[in-house]
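See structure below.
The values are calculated or read from the model by the stated rules, or taken from the named source; none is laboratory data. The structure presented is a predicted model; accordingly, all values stated were derived computationally and were not measured. Cβ placement follows ideal geometry from the backbone for every residue including glycine, while neighbour counts extend to all protein chains displayed. When the accessible area is computed, the model is the full protein with side chains, heavy atoms only, and any ligands, DNA or RNA have been set aside. Shrake-Rupley method; radii C 1.70, N 1.55, O 1.52, S 1.80 Å.
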Amino acid sequence: NAPLVVSEAAALGVPAIVADTSAAKERVADGLTGRHFRSGDGLSLTAALTLLKNGRLSAALGAEAYRDYWSSPQPMARHLADLERVYDIAVRIA
């Protein structure tokens, strides 16, 4: 699974908040390009959201997400090739 919404947000300089059990976790560096929260833990999610109320922190995370994304953007052709590799592996395993 390659969550595109996290990449799309990063491309616009928007930090993401993702669950620690989601595939999106691989695309968000906790405390650098966004925040992770413990899945199923409302207090953890609230804490992550509260941190982003800090305008300076949110701007810094967003700027780093933007820089990180554009340092190696993933064009659609690369995304599709990566997706096909995952499907090939899944078919071989099944």
Relative contact order for the chain using alpha-carbon pairs under 8 Å, separation at least 6, rounded to a whole percent? 29 percent
Using just the helices of the chain, give the 222 nm mean residue ellipticity in deg cm²/dmol: DSSP H runs with n ≥ 4 each add -39,500 (n - 2.57), and the total is spread over all residues, rounded to 500. -18000 deg cm²/dmol
Taking N as the residue count of the range 45-94, its alpha carbon Rg divided by 2.2 N^0.38 Å gives 1.79
Scoring only Lys, Arg, Asp and Glu (+1, +1, -1, -1) among other residues with Cβ under 15 Å from the Cβ of P15 yields +2
How much of the accessible area of the range 1-76, probe 1.4 Å, is carbon plus sulfur, in whole percent? 58 percent
Give the Debye-formula value of log10 I(q)/I(0) at each listed q (0.26 Å⁻¹), with one equal scatterer per alpha carbon of the range 1-49, two decimals each. -0.95
Quick one: accessible area per residue over the chain, 1.4 Å probe, rounded to a whole number of Å²? 67 Å²
If you build a Gaussian network model of the chain, linking Cα atoms that sit under 10 Å apart, which residue out of L83, L45, L12 swings the most? L83
Using the Kirkwood radius over Cα pairs, work out the Stokes-Einstein diffusion coefficient for the chain at 37 °C and 0.692 mPa s, in µm²/s as a whole number. 231 µm²/s
